[in-house]
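Following: one structure in structure tokens, then a few remarks.
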Amino acid sequence: MPEKNGQAILGVVVSLLFLVFVLFFGISKQPLQLLPLVFVLAPIVFLITFINTDAALILLIFSMLLSPELKLAEVPQRAVVVRIDDILLFVVFFTWLAKMAINKQLGLLKHTRLNAPIAAYILVCIVSTGIGILVGKVSPLKSFFYILKYIEYFMLFFMVSNNIHSKGQIKIFIVAFLITCALTCTYAIVTAGQVGRATAPFEGPKGEPNTLGGYLILLFAIAVGIFLYSPSRTWKICCGVSSCFIFVTLLHTLSRGSYIAFIPMYLTLIVLTRRGRILLIGALILGILILPAKVPTKVTQRITRTFIPGRVYEPLEGARIPLDQAASARIETWRWVLNRWKSRPFLGYGVSGLGLIDSQYPRVIGETGIIGL
């Protein structure tokens, strides 16, 4: 009976994967080019996941930063883009579910404090989007793929949390993260000399400097934390070099949002660390004294051009702040979203209901309202 159940589960998993591929290739702009690649990769990843889930997760770590974007065709305005790692993640996830169903000892989902908030957020997204579809404000196809991409991140969280059983696994994953980061930084620095700023393999034609910058800030914090607390000299050297390389790459992204985000991240490290606090404060002081004269000219220009008058804002009486076009556009986006949000303050307009919004908080509050925020 268990063998029959296992075969049935495998059949269901294969069928679901097939349906996902059919849906994807049915609306993709590049079905013919991708079809051979996916049909070669999918069975290989399926077998790897079934044999060794750790190996599949390492494969995902590398693919998430190094795979290019692919745009779906019939999704206007805020286009949905997928990458090879999106497809691999679904293969890994469904295979992992089948593996757990066959081997009952693995358990389905490990209890964590995030399970309930994750479930609540997904429910809010579905409800708000469903309402938006019913009133004709949201495209069903577009919202389906965006919700699917949101859920994708939670799928990865559940896979990792269920699969971690030892410190050895964590070390292996951290090594994979650092290697991937080094490759990404190398690519970014090389392209910086060609296109004027650092780019990453996962970026689309228009570029995503803020996404790359956010990734680098996260990895910088991890590298510095390991550098401060690891007793291993090898780890200290590797993470110390990595943090310097990451910082240089971050400067070349020319992402002002990332520059601002770096400040609270670094201050948080100083406040929370018990070891190396003096070192961090010393590095901060040294950076304040040296960096203004040593950073590339394009970085200095990127920062100073923020306050070249494009539009003048007066947040307080008598306080006039001139901003360039890009910075003022973000403020206008905030204003536009907040004005629209007043009409639907609790559940918003649904996922993708407000089109392209290049700011996280306005997008979330506009799509899912206060409840989703």
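The values are calculated or read from the model by the stated rules, or taken from the named source; none is laboratory data. Keep in mind it's a predicted model, so treat the numbers as computed, not measured. All Cβ positions, even for glycine, are placed from backbone atoms using ideal geometry, and neighbour counts span all protein chains on display.
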Would a scan of region 176-184 turn up a residue that is in a helix (DSSP H, G or I), in contact (Cβ under 8 Å) with a residue 24 or more places away in the chain, more than 25 Å from Gly213 (Cβ to Cβ) and touching a helix residue (DSSP H, G or I) at 6+ places or on another chain (Cβ under 6 Å)?
no
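Among the residues of region 127-159, what is the count of those that are in a helix (DSSP H, G or I) and either under 22 Å from Ile87 (Cα atoms) or of a type in the set (Ser, Thr, Tyr) (or both)?
Matching residues across region 127-159 total 22.
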If we keep just the residues of region 120-146 that are modelled with pLDDT of 85 or more and under 19 Å from the mean Cα position of the chain (by Cα), which is nearest to Leu354 (Cα to Cα)?
Cys125
Out of region 331-356, which residues are farther than 17 Å from Val127 by Cβ and in contact (Cβ under 8 Å) with a residue 60 or more places away in the chain?
Gly355, Leu356
Could we say that Ala192 is in a helix (DSSP H, G or I), among the small types (Gly, Ala, Ser) and buried (at least 19 other Cβ atoms within 10 Å of the Cβ) here?
yes
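Between Arg340, Arg344, Arg335, which is assigned to a loop (DSSP other than H, G, I, E, B), under 30 Å from Leu134 (Cα atoms) and modelled with pLDDT of 65 or more?
That would be Arg344, the only listed residue that is assigned to a loop (DSSP other than H, G, I, E, B), under 30 Å from Leu134 (Cα atoms) and modelled with pLDDT of 65 or more.
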